1. Could you rank the peptides A:51-64, B:313-326, A:383-396 by their average count of other C-beta atoms within 10 Å per residue, with the highest value first?
2. Hydropathy at least 0.5 by Kyte-Doolittle, axial extent at least 24 angstrom from the Cα trace: which helices of chain B, defined as entire DSSP H runs, fit?
3. For the protein assembly as shown, give the percent of accessible area contributed by carbon and sulfur heavy atoms, probe 1.4 Å, rounded to a whole number.
4. Among B:V59, A:L358, A:S36, which residue has its Cα furthest toward the positive end of the charge dipole of the protein assembly as shown, with +1 on Lys/Arg Cβ and -1 on Asp/Glu Cβ?
5. Please name which of A:V190, A:L147, A:V168 has its Cα lying farthest along the dipole of the range A:93-230 towards the positive end, using unit charges on Cβ (Lys, Arg +1; Asp, Glu -1) and the Cα centre as origin.
6. Quick check on the range A:349-447: take the gyration tensor over C-alpha atoms, sort the square-rooted eigenvalues as a ≥ b ≥ c, and tell me if it's rounded (a/c under 1.5), prolate or oblate.
7. State, in angstrom, two size descriptors of the protein assembly as shown derived from its alpha carbons: Rg to one decimal place and Dmax to the nearest whole number.
8. Could you work out the Kirkwood radius for the range A:222-379, taking every pair of different alpha carbons, averaging 1/r and inverting it, reported in Å?
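The values are calculated or read from the model by the stated rules, or taken from the named source; none is laboratory data. Only a predicted model underlies this, so the values are computations on that prediction, with no experimental measurement involved. We place every Cβ from the backbone using ideal geometry, glycine too, and count neighbours over all the protein chains shown. The accessibility values were calculated without ligands, DNA or RNA, using every heavy atom of the protein model including side chains. Shrake-Rupley method; radii C 1.70, N 1.55, O 1.52, S 1.80 Å.
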Amino acid sequence: MQALAIAPEEKKSSAKTKYVYLFNEVEQAEAKLGGSWDKVRSLLGGKGANLADMTRLGVPVPPGFTVSTEACNAYLANNQTFPGNMWEQVLDAVEAMEDETGKGFGDPQNPLLVSCRSGAKFSMPGMMDTILNIGLNDEVAKGMIALTKDARFVYDLYRRLVQMYGSVVMGVPDEVFEAVITAKRKKAGVESDSELTAEDWRVMTGRFKEIYRTYTGTEFPSDPYDQLKLATEAVFKSWNGKRAFDYRNAAGIAHDLGTAVNIVTMVFGNMGDNSSTGVAMSRNASTGEKEIEGDYLVNAQGEDVVAGIRLTEPMSSMKDGMPELYAQFEEIAAKLEKHYRNMQDMEFTIEQGKLWLLQTRDGKRTAQAEVRIAVDMVDEGLITEKEAVIRVKPEQVDFFLHPQLDSEAIKTARTIAKGLNVSPGAAVGVIAFDADLAERWAKQDGL
Amino acid sequence: MVRPETKPDDVHGMLAANGILTSRGGRTSHAALVARQFGKPAVVGVSELEIDMDARQMVIDDLIIKEGDWLSLDGTNGIVYLGQLPTVVPDMSNPYLLKLLSWADKFRTLEVWANADYPQDAVRARGYGAQGIGLCRTEHMFFETNRLPIVQRMIMAKYAAERNEAIAELLPHQRSDFEGLFRAMDGQPVIIRLLDPPLHEFLPAYEDLVSELDDPKVQLQHFRTMSESDRALEEIRIKSAYLERVEALRESNPMLGTRGVRLGILLSELTKMQVRAIFEAAIACIKEGIDVHPEIMIPLVSHVNELKVQQTTLEAEAKKVIEENNGIKVPYKFGTMIEIPRAALTAGEIAEVAQFFSFGTNDLTQTAFGISRDDAERGFLVDYQQMGILPDNPFATIDQEGVGKLMEIATTHGRATNPNLHIGICGEHGGEPKSIAFCHNLGLNYVSCSPFRVPIARLAAAHAALANE
């Protein structure tokens with residue numbers, strides 16, 4: 001953590017300090033920090049380092065950049081002003097993104113939209129959340145409609161920007177926006193948002209901007225660069241938000257780490273039937289078998305997968321439906337596994353036939369899968385026997401000794417609640433609401 | 001059992017239940033702590049669950065679940081399912097697990113032994129990878145239905161001759177028990193602990209006898225035939241005799257009473273019988289070509305002189321048996337449990353007599369803290385954990401600062417006297433990963449745990465060794 005404290009001579013020459021790293025510039029960060037990956041994670045945050053690392057591996061990650069934690073600390077120390085030429089570096093980075101994507105930020109003819117996310121070294125609650133679709137305004141929206149021939153899609157993106165920006169950056173209560181959508185659904189006599197029309201979303205976008213004005217006393221910023229600037233500042237400020245501060249105190253995380261800001265090109269999984277979005281594991285998380293396991297949705301956004309509104313398809317049907325993309329995905333999964341030497345949990349989006357990885361992390365798995373993956377990975381030469389032994393926790397061996405609920409039966413069983421998993425194992429029986437009855441029934445059972 | 005939350009009054013129900021579900025409480029709630037203590041699957045803090053005790057039902061969203069309905073709990077992941085789901089026992093023959101454990105064996109230095117009282121347990125333990133038997137509790141053999149009457153006769157005997165007759169009758173039983181163990185553990189050490197519990201445990205409970213005696217006495221007034229009343233009279237006579245003996249044996253604190261080595265010294269004929277059974281079984285096995293390594297362990301020793309008395313008894317009897325069998329040599333060891341603080345503190349002297357130590361950390365925890373486990377776990381221990389007075393249940397994981405300190409003293413002083421002193425642990429802690437790491441760092445030779453925990457201990461021992469690299 002101390003490595004990040006800015007040395008005095010560095011402070012003086014902050015005009016020369018590199019605050020902004022494109023995802024493909026991770027080597028520069030590493031060189032500056034003496035090759036320590038932990039320090040790279042401190043500088044770029046967990047998420048930024050992960051995206052840069054994937055980019056370096058040749059995995060298709062949407063172009064983007066990270067504004068460093070160092071910039072955040074300087075901003076907070078310096079009366080909330082960007083240090084040195086940080087903002088110029090951001091502008092240069094946006095230009096680099098434009099070159100790479102062939103799109104223009106704020107260009108109605110071929111617009112580049114970006115997302116803005118916080119990314120501290122350790123993930124923590126209370127940090128500013130995501131803002132999507134930065135770069136949209138009335139002109140850009142019109143241009144995009146001409147380009148995509150899908151006004152519904154564009155106005156849905158636009159209202160999301162106003163809504164997220166309003167609630168996350170300016171603190172407008174999100175319920176106010178949601179109430180508008182609920183009222184609109186009622187009026188239209190429909191059950192879900194997906195049944196609302198382009199005109200509905202256009203009208204609501206206008207209404208959202210009015211709400212924004214009422215609550216903030218200012219107009220919604222139409223200049224994409226203003227949007228970017230304010231969003232970046234909002235992330236920086238959220239580092240010192242009360243919830244984040246309290247959490248760091250409780251979790252023993254240093255207050256001087258700061259957060260990075262990640263600006264990433266938006267990719268859309270809802271741009272037609274050659275687009276989709278999904279989540280997949282590089283191996284089966286229940287059995288550990290070496291096969292891609294996951295779900296995806298054709299012509300949908302990430303949150304549709306999470307919300308479970310539509311029935312997802314298993315990755316195996318992607319193998320049949322989009323064999324080339326599936327093969328590419330398999331190759332990427334193998335590459336990521338080889339690099340991280342662990343089973344990966346990946347978020348991806350396919351935009352008009354082009355596959356993008358949005359995130360990867362070590363996947364959660366059952367004890368049975370943990371054992372099998374550890375052993376298989378030794379056989380595949382990914383890890384050593386020692387690492388395999390250390391990876392499996394002694395408590396996980398317990399799994400092999402006690403009854404568990406049948407994993408096939410679980411799939412069709414009705415889950416009625418989730419609680420705290422305080423004592424492991426499976427229990428099946430009839431409900432007794434008091435101790436005496438439980439004891440009596442247990443005795444009868446035993447007879 | 002489903003409750004809004006649990007209280008100490010609910011413990012008997014929790015013990016009887018297959019699993020526990022509560023709508024309130026967190027990871028350190030009473031329900032959570034007790035469930036873990038007794039190994040009951042549990043899901044707690046399901047706040048959306050509305051339990052209506054009057055209507056004997058619970059409501060979750062629109063679903064009404066009544067008392068007597070089926071429910072399935074996944075305590076590992078904290079999920080509640082409706083209905084009766086099938087369960088599977090994933091077995092130890094999983095080839096991936098076996099491979100992983102074989103790697104763990106290469107890295108660990110701590111041996112893993114098992115506690116086993118019967119040959120079938122020993123076979124299972126060996127199958128799971130145990131390298132020896134760290135504790136065979138001989139009293140379990142006494143409780144078997146065909147032997148208990150003999151044991152009771154031994155206790156009830158008024159004269160030494162009568163008692164010795166009963167003890168002699170037990171000999172062939174014990175011998176065949178030990179033969180079975182030695183056969184199962186061919187080539188590996190078997191630690192046999194001489195009789196440990198107080199004698200009253202083999203007799204009917206005092207309260208039962210009193211109430212049973214009341215019954216025929218009342219009935220006696222109503223019997224019509226002579227044979228009926230004769231039978232009742234006979235019953236009264238037998239039970240009265242039992243009651244008399246039970247009253248005589250009654251102690252106000254049996255856990256700290258006439259048990260362990262104290263009993264072995266007072267009933268030296270019993271000690272001799274057990275020693276004879278061990279050596280005769282060993283010799284019988286040696287004759288069959290089986291490689292036997294019996295180790296005789298004395299329980300509850302607090303003073304080296306106790307051990308000396310037992311050593312004299314043992315050596316004399318062993319010598320006799322060997323002479324009776326044309327001088328066949330039996331490679332045996334003589335050692336002691338360390339389960340009383342005084343034994344730990346005077347380990348230097350005890351190691352002059354003992355060739356091995358085995359920490360009985362259950363009793364050592366009870367005696368070091370001055371608390372009884374049953375009373376503690378059903379009572380104040382949960383409060384203590386909730387209040388943060390104790391970070392963990394010391395019966396689940398070794399109290400390293402206190403009990404651990406005694407173990408450290410015993411190990412250091414014992415090895416100072418006898419550098420080759422073989423030291424292990426045979427309490428339940430021997431199968432608990434944190435305690436295993438502690439034993440590794442203390443330089444113990446082995447941990448001994450229940451057969452089912454042997455695979456866990458093998459992996460935990462490897463982790464402990466690799467952590468120090």
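1. Numbers: A:51-64: 20.9, B:313-326: 14.9, A:383-396: 19.1.
Highest mean packing first, the order is A:51-64, A:383-396, B:313-326.
2. Helices meeting the span and hydropathy rule in chain B are B:268-287.
3. 50 percent
4. Working it through, the farthest residue towards the positive pole turns out to be A:S36.
5. Towards the positive end, the residue furthest out is A:V190.
6. On the way: a/c = 3.36, a/b = 1.73, b/c = 1.94.
Oblate is the answer for the range A:349-447, as a/c is 1.5 or above yet b/c matches or exceeds a/b.
7. 35.8, 116
8. For the range A:222-379, the Kirkwood estimate is 18.0 Å.
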